[in-house]
Amino acid sequence: MLHEFQILQRLFIYSFLAAIFTLGWLLKVLPFFKSVISIAMCKMTPDTSLPTDVYWDSLFTWKMFQNVYHCLLADINKRVKPNGKAYNSPVVSIHGNRYHRLLDFAKGSRPLVLNFGSSTCPVFMEMLKRYRQLKDQFSDIADFAVVYIEEAHPVDGWAFKGTNEIPMHRTQEERCRAAKKMAKSVDLSGFYVAVDTMLNCANIAYGAVPIRLYVVQNKTVAYAGGAGPMKYKMREVMLWLQDYRVNTMLSQSP
């Protein structure tokens, strides 16, 4: 029964997306539609704004359809749940020479903030600046990690103009090379930086693609952010950490 339900679920999602994309492809020829899309994108991702020309040519294409379908399934089938078990997925060091477990970065009962993404996602790269500010503000009470996963917009997939021309990873070496390239372009000092394995264990467990935020504490999912980019809300993590700091101070007061 479960298998049949999953088939029906995928069929519904596929059909729904096909209808949306067909309508979008037809409307794309209308001059005013570009402005409508631009306004909608700004409202959906208020923390960052992408120039329409970056994604316009690839909008409602087959590559975009495949990408969106893949991301929706990853979100629906993720294993972690709010207040549920945090999966200790295997990950690799950025140089590819050491294996770790994701929760190895947690220190005792301190919260561990997990930021999943890749350098071909312009929203992720832009928000890394705010992620650093978040770490600087709360490093006394929490730890912070960046987990490099599959590319959001590889050059041989749903590619954006002006983003890094990185292809889909076919080997662990390629994925680690992409992560090292990202680390050279932004300041990641003070962060734990890990790379998902080619089995995509962390991505599958946390439904991370294309970008996602979590807070893990005591091997439990204390905060589960929504699927990015629309529900990638760093402010929510900030508010969670603020509440945690206040509650910690109150519990320690005589």
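The values are calculated or read from the model by the stated rules, or taken from the named source; none is laboratory data. The structure displayed is predicted, hence computed values, not measured ones. Neighbour counts run over all protein chains shown; Cβ positions are idealised from the backbone, glycine included. Surface areas here come from the heavy atoms of the whole protein model, side chains and all, with no ligands, DNA or RNA. Shrake-Rupley method; radii C 1.70, N 1.55, O 1.52, S 1.80 Å.
Observations on the structure shown:
- Filter pass, Asn218 being touching a Ser or Thr at 6+ places or on another chain (Cβ under 7 Å) and over 19 Å from Asn115 (Cβ atoms): yes
- Residues of region 13-65 that turn out to be under 19 Å from Glu126 (Cα atoms) and either of a type in the set (Ser, Thr, Tyr) or surrounded by 12 or more Cβ atoms within 10 Å (Cβ to Cβ) (or both), as a count: 13
- Near pairs, Cβ below 7 angstrom, 6+ apart or cross-chain, from region 214-233 (within 19 Å of Asp47 (Cα to Cα)) to any residue that is acidic (Asp, Glu) and surrounded by fewer than 18 Cβ atoms within 10 Å (Cβ to Cβ): Gly225/Glu236; Ala227/Asp75
- All positions within region 90-125 that are within 30 Å of Tyr55 (Cβ to Cβ), assigned to a loop (DSSP other than H, G, I, E, B) and more than 14 Å from the chain's Cα centre (by Cα): Ile94
- Residues that are surrounded by 15 or more Cβ atoms within 10 Å (Cβ to Cβ) and hydrophobic (A, V, I, L, M, F, W, C) within region 187-204 comprise Leu188, Phe191, Val193, Ala194, Val195, Met198, Cys201, Ala202, Ile204, listed in sequence order.
- Condition check for Lys180: closer than 30 Å to Leu59 by Cα, open to solvent by 60 Å² or more (accessible area, probe 1.4 Å), of a type in the set (Lys, Arg) and assigned to a helix (DSSP H, G or I): yes
- Output for region 5-40, where each listed residue is in contact (Cβ under 8 Å) with a residue 12 or more places away in the chain and either closer than 30 Å to Met238 by Cα or among the hydrophobic types (A, V, I, L, M, F, W, C) (or both): Ile13, Leu17, Ala18, Phe21, Trp25, Ile37, Ser38
- Flag for Lys161 being surrounded by fewer than 15 Cβ atoms within 10 Å (Cβ to Cβ), under 17 Å from Gly96 (Cα atoms) and touching a residue at least 24 places away in the same chain (Cβ under 8 Å): no
- The listed residues are Gly228, Gly207, and the only one of them that is of a type in the set (Gly, Ala, Ser), in contact with an Asp or Glu (Cβ under 8 Å, 6 or more places away or on another chain) and over 16 Å from Phe144 (Cα atoms) turns out to be Gly207.
- Residue selection: Arg170 satisfies the criterion of being more than 18 Å from Met127 (Cα to Cα), among the basic types (Lys, Arg), outside any strand (DSSP E or B) and out of contact with any Asp or Glu (no Cβ under 7 Å at 6 or more places or on another chain).
- Residue in region 205-226 that is nearest to Arg79 (Cα to Cα), counting only those that are part of a loop (DSSP other than H, G, I, E, B) and open to solvent by less than 30 Å² (accessible area, probe 1.4 Å): Gly207
- Total residues in region 157-179 satisfying the condition of being at pLDDT below 95 and among the charged types (D, E, K, R): the figure is 2.
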